[in-house]
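K.L.:
Just dropping this structure here.
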2 protein chains.
Amino acid sequence: MDSCVIPLRHGGLSLVQTTDFFYPLVEDPYMMGRIACANVLSDLYAMGITECDNMLMLLSVSQKMNEKEREQVMPLMMKGFRDAAEEGGTSVTGGQTVINPWIIVGGVASVVCQPNDFIMPENAVPGDVLVLTKPLGTQVAVNAHQWLDIPEKWNKIKLVISKEEVEQAYQEAMLNMATLNRTAAALMHKFNAHAATDITGFGIIGHARNLAQQQRNDVAFVIHNLPIISKMAAISKAGGNLFGLLQGTSSETSGGLLICLPREQAARFCAEMKSSRVGDGQQAWIIGIVEKGSRCARIIDKPRIIEVPYRGSVVNAQEASNNNASPPQVQQT
Amino acid sequence: MDSCVIPLRHGGLSLVQTTDFFYPLVEDPYMMGRIACANVLSDLYAMGITECDNMLMLLSVSQKMNEKEREQVMPLMMKGFRDAAEEGGTSVTGGQTVINPWIIVGGVASVVCQPNDFIMPENAVPGDVLVLTKPLGTQVAVNAHQWLDIPEKWNKIKLVISKEEVEQAYQEAMLNMATLNRTAAALMHKFNAHAATDITGFGIIGHARNLAQQQRNDVAFVIHNLPIISKMAAISKAGGNLFGLLQGTSSETSGGLLICLPREQAARFCAEMKSSRVGDGQQAWIIGIVEKGSRCARIIDKPRIIEVPYRGSVVNAQEASNNNASPPQVQQT
């Protein structure tokens with residue numbers, strides 16, 4: 001499961017908790033903080049949990065940064081993390097910071113829940129459909145952006161994409177990774193979701209398989225459609241099936257939720273995702289079906305690629321500062 | 001405070017939570033795991049909390065270790081962590097493991113409490129006494145042990161200690177660091193403790209000052225006695241006041257609790273600490289007094305050094321294996 005669920009000694013309550021930490025993958029420290037926080041919270045959202053009682057921040061400062069770099073980078077990263085936590089209706093009350101060769105950013109999200117607050121990811125039935133709430137391709141977009149500066153890499157993909165498009169795809173990937181899956185979590189209750197997980201390091205097929213294995217019923221997940229950030233499928237093909245994007249093995253960071261929904265509810269789920277004020281026009285797609293099977297998952301041969309267009313630009317720290325002037329701090333011994 | 005306390009939406013309950021992670025400081029991976037876990041739990045124990053509902057383990061494997069080294073070291077470290085968690089009446093249900101230049105080990109401890117379960121560290125009054133539940137000197141012992149192999153360092157201290165004594169002091173430090181402060185936490189309730197903290201990176205004087213600053217009353221902490229692992233004070237002096245051990249600034253890892261107790265209760269607290277079956281003959285010492293003052297802390301000139309003798313040898317992983325054969329595992333995505 002994406003989070004651990006611990007029954008408590010108090011009146012039917014459970015502690016649901018998750019942790020995640022990793023290394024920066026985008027250049028903007030503020031966005032990196034937001035992405036790290038969205039990624040931690042996502043494990044709660046995958047269980048249909050919309051509230052978080054507490055967050056801890058886990059950080060390491062790189063020993064290779066000089067004082068000036070630290071002062072520029074770390075407060076922005078912390079601010080991004082805190083801003084995303086605030087957007088999730090929670091706040092960061094503690095954490096730990098160490099010195100390390102590499103920068104680390106992550107956190108711990110905890111919530112105490114009543115039984116109805118969360119949806120155990122185990123009740124998919126044949127006839128359900130699979131919905132995905134963010135497009136795939138973040139790993140390809142982030143790598144393509146790095147390749148702008150590496151001629152031998154860039155030469156492999158330059159026939160299928162312009163530099164400007166790479167920049168736009170990268171911005172789109174950042175925006176998606178920094179978006180909370182909270183709206184999707186709330187709609188899981190409204191539309192009676194049977195199971196869900198979030199898409200991260202194992203790619204869509206890895207997480208679909210994990211989810212299939214946890215089901216009570218004999219089901220199989222079959223994926224027909226792959227919504228992918230525009231042009232990332234072309235890059236993947238041009239690079240010789242880069243990261244296995246079309247096989248669903250490409251890692252995602254802070255990806256969308258993959259949700260098993262009753263067939264008759266799915267279209268309305270997607271419509272409400274798109275119209276939600278909070279989700280900022282976030283789309284969702286019906287990407288497959290649940291059929292009878294042996295708790296496995298597969299992508300059909302030649303799935304339909306849905307090219308998801310680029311939206312706008314990313315919130316930057318400057319704009320965010322205007323909304324929230326409190327200094328970022330994490331201290332706990 | 002050592003832990004964060006989050007009021008919950010459910011019937012007067014609070015979520016109390018803490019996280020800590022750091023780098024190995026002893027050579028035995030099993031003991032390192034135990035120490036890391038004891039260190040995380042200690043922040044709960046400092047608030048008089050004796051139960052823990054859940055632990056997460058935070059790990060990084062060093063990229064510099066080859067496969068064989070990883071297979072030898074990491075399972076032992078995880079087993080040590082798990083065994084200590086079990087001793088604390090809890091278990092590890094999740095976590096995160098990454099690759100990093102350096103090994104990292106740590107965790108997150110969480111508990112949902114009723115108001116009576118924890119003691120806010122803010123009610124010291126003039127007339128209280130200060131009790132410490134583990135001897136100081138872990139940093140000196142760990143460093144002296146490393147200096148056995150560094151002639152220019154060893155030459156500075158060899159007149160005051162033998163190699164055998166360094167080895168014994170190191171074992172004693174490991175044993176102390178791996179000991180849970182759980183007995184002390186339980187006795188805090190029995191003997192009506194007014195405030196407490198655990199002694200870690202800022203040394204006894206740093207943590208005493210932090211604790212003093214949090215008090216509601218106008219108090220000052222005055223430390224008269226320093227219980228120190230035998231010979232560590234001599235090493236510190238021989239090395240030119242190494243780490244400021246006698247000034248109380250030497251870092252401790254997984255140190256004891258510093259507790260403000262009513263004067264008439266303190267002797268019985270110390271007696272019960274020593275006789276407790278669980279604490280394994282763990283001692284406690286009255287080290288100072290609480291007087292009227294401006295929320296500060298100091299060590300008197302020429303404090304009395306209590307030389308704390310070495311006890312026995314350390315539990316090793318082999319022995320522990322005989323008691324608990326389950327394989328260590330942490331997985332969560």
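The values are calculated or read from the model by the stated rules, or taken from the named source; none is laboratory data. Given the structure is predicted, the values throughout are model-derived calculations rather than measurements. Note: ideal-geometry Cβ built from the backbone for every residue, glycine included; neighbour counts use all protein chains shown. Ligands, DNA and RNA are excluded from the accessible area calculation, which covers all protein heavy atoms including side chains. Shrake-Rupley method; radii C 1.70, N 1.55, O 1.52, S 1.80 Å.
K.L.:
Using modelled amide H (1.01 Å from N, peptide plane; none on Pro or chain starts), what sits under 5 Å from the amide H of A:Leu13, excluding residues fewer than 5 places away?
P.N.:
A:Leu8
K.L.:
Right, something else. Can you list the HN-Hα couplings for segment A:215-221, worked out from phi with the Karplus curve (6.51, -1.76, 1.60; θ = phi - 60°), rounded to whole Hz and with x for Gly and Pro?
P.N.:
6, 6, 8, 7, 10, 9, 9
K.L.:
Sticking with this one: Using the Cα centre as the reference, give the magnitude of the dipole from point charges on the C-beta atoms of the protein assembly as shown (Lys, Arg: +1; Asp, Glu: -1; all else neutral), rounded to the nearest 20 debye.
P.N.:
I would put it at about 140 debye.
K.L.:
From zero up to wherever the largest Cα-Cα distance of segment B:1-44 sits, split into 5 Å bins and tell me the percent of pairs in each.
P.N.:
5, 21, 21, 16, 13, 10, 7, 5, 3, 0
K.L.:
Can I ask one more? Kirkwood-based Rg over Rh for the protein assembly as shown (C-alpha set), two decimals? Before the final figure, lay out each step's value.
P.N.:
Details: Rg = 27.0 Å, Rh = 26.6 Å.
Reported Rg/Rh (Cα atoms, Kirkwood Rh): 1.01.
K.L.:
Ordering A:His207, A:His10 by accessible area with a probe of 1.4 Å, largest first, what comes out?
P.N.:
A:His10, A:His207
K.L.:
Return the carbon/sulfur percentage of the accessible area of chain B, one whole number, probe 1.4 Å, all protein chains in place.
P.N.:
Ligands and nucleic acids excluded, carbon and sulfur give 49 percent.
K.L.:
Please identify, among A:Thr19, A:Thr138, A:Thr179, the residue showing maximal mean-square fluctuation in a Gaussian network model of chain A using a 10 angstrom Cα cutoff.
P.N.:
It is A:Thr19.
K.L.:
Enter the per residue convex hull volume of segment B:9-167, computed from alpha-carbon coordinates, in Å³ rounded to the nearest integer.
P.N.:
On the way: hull volume 26.5 nm³, N = 159.
About 167 Å³ per residue, rounded to a whole number.
K.L.:
Would you mind checking B:Lys134/B:Lys231; A:Lys79/A:Lys190; A:Lys134/A:Lys237 for any pair whose Cα atoms are more than 23 angstrom apart?
P.N.:
Values: B:Lys134/B:Lys231 16 Å; A:Lys79/A:Lys190 32 Å; A:Lys134/A:Lys237 21 Å.
Those over the limit are A:Lys79/A:Lys190.
K.L.:
Just to be sure I understand: with springs between alpha-carbon atoms less than 10 Å apart, which residue in A:Gly95, A:Gly255, A:Gly12 has the highest mean-square fluctuation in the Gaussian network model of chain A?
P.N.:
A:Gly12
K.L.:
Further question on the same structure: So which trypsin sites (Lys or Arg not before Pro) in segment A:1-98 are both in a DSSP loop and have at most 14 other Cβ atoms within 10 Å of their Cβ?
P.N.:
Numbers: sites: A:Arg9, A:Arg34, A:Lys64, A:Lys68, A:Arg70, A:Lys79, A:Arg82; in loops: A:Arg9, A:Lys64.
Within segment A:1-98, the qualifying trypsin sites (Lys or Arg not before Pro) (loop, at most 14 other Cβ atoms within 10 Å) are A:Arg9, A:Lys64.
K.L.:
Return an integer: the convex hull volume of the alpha-carbon atoms of segment A:223-263, in Å³ per residue.
P.N.:
Cα convex hull per residue, to the nearest whole number: 87 Å³.
K.L.:
Moving to a separate point now. Can you give the accessible area per residue of segment A:176-320, in Å², using a 1.4 Å probe?
P.N.:
Per residue, segment A:176-320 has 42 Å² of solvent-accessible surface.
K.L.:
Nearest 5 is fine: what % of DSSP beta bridges in chain B come out antiparallel, could you say? Please report the intermediate quantities before stating the final value.
P.N.:
Working: 37 of 55 bridges.
Bridges in chain B that DSSP calls antiparallel: roughly 65 percent.
K.L.:
From the phi angles alone, apply the Karplus equation (6.51, -1.76, 1.60; θ = phi - 60°) to segment A:241-255 and give each ³J(HN,Hα) in whole Hz, x where the residue is Gly or Pro.
P.N.:
3J(HN,Hα) across segment A:241-255, in whole Hz: 6, 3, 6, x, 4, 7, 8, x, 9, 5, 4, 10, 10, 6, x.
K.L.:
Could you state the number of Å between the C-alpha centres of segment B:85-103 and segment A:5-37?
P.N.:
15 Å
K.L.:
Given the protein chains as shown and a 1.4 Å probe, how many square angstrom of B:Glu69 are accessible, to the nearest 10?
P.N.:
80 Å²
K.L.:
Oh, and also: If you plug each phi of segment A:99-109 into the Karplus form 6.51 cos²θ - 1.76 cosθ + 1.60 with θ = phi - 60°, what whole-Hz ³J(HN,Hα) values come out, in order, with x for Gly and Pro?
P.N.:
Each residue's phi maps through the Karplus curve to give 9, 7, x, 10, 6, 10, 9, x, x, 10, 10 Hz.
K.L.:
When ligands, DNA and RNA are left out and all protein chains stay put, how many square angstrom of accessible area per residue does segment A:1-138 have with a 1.4 Å probe?
P.N.:
Numbers: 4070 Å² over 138 residues.
Spelled out: the 1.4 Å probe surface of segment A:1-138, per residue, equals 30 Å².
K.L.:
Rounded to the nearest 20 Debye, what is the dipole magnitude of chain A about its Cα centre when Lys and Arg each give +1 and Asp and Glu each give -1 at the C-beta?
P.N.:
Details: 28 positive and 32 negative charges, 140 e Å.
Approximately 680 debye in magnitude.
K.L.:
Quick one: which residues, 5+ away or cross-chain, put their amide H under 5 Å from the amide H of A:Gly201? H built at 1.01 Å from N.
P.N.:
Long-range HN contacts for A:Gly201: A:Glu252.
K.L.:
Quick check of the Kirkwood formula: for chain A, what is the inverse mean of 1/r over all pairs of different Cα atoms, in Å?
P.N.:
Hydrodynamic radius (Kirkwood, Cα pairs) of chain A is 20.3 Å.
K.L.:
Over segment A:1-146, what is the relative contact order in whole percent, taking alpha-carbon pairs under 8 Å and six or more residues apart?
P.N.:
It comes to 34 percent, rounded to a whole number.
K.L.:
Taking N as the number of residues in segment A:79-238, what is its alpha-carbon radius of gyration divided by 2.2 N^0.38 Å?
P.N.:
It is 1.26.
K.L.:
What total accessible area, in Å², is buried where chains A and B meet, using a 1.4 Å probe and rounding to the nearest 100?
P.N.:
The buried area between A and B, both sides summed, comes to about 3700 Å².
K.L.:
Within a 10 angstrom radius of each residue's Cβ in A:13-19, how many Cβ atoms of other chains show up on average? Whole number is fine.
P.N.:
6
K.L.:
Collect residues whose amide H, placed 1.01 Å from N in the peptide plane, falls under 5 Å from the amide H of B:Ile49; neighbours closer than 5 in sequence don't count.
P.N.:
When sequence neighbours closer than 5 places are left aside, the close amide H contacts are B:Ile119.
K.L.:
Also, I was wondering about something else. Where is the GNM fluctuation largest for chain A (alpha-carbon springs, 10 angstrom cutoff): A:Ser251, A:Ser230, A:Ser60?
P.N.:
Result for chain A, Cα springs under 10 Å: A:Ser60 fluctuates most.
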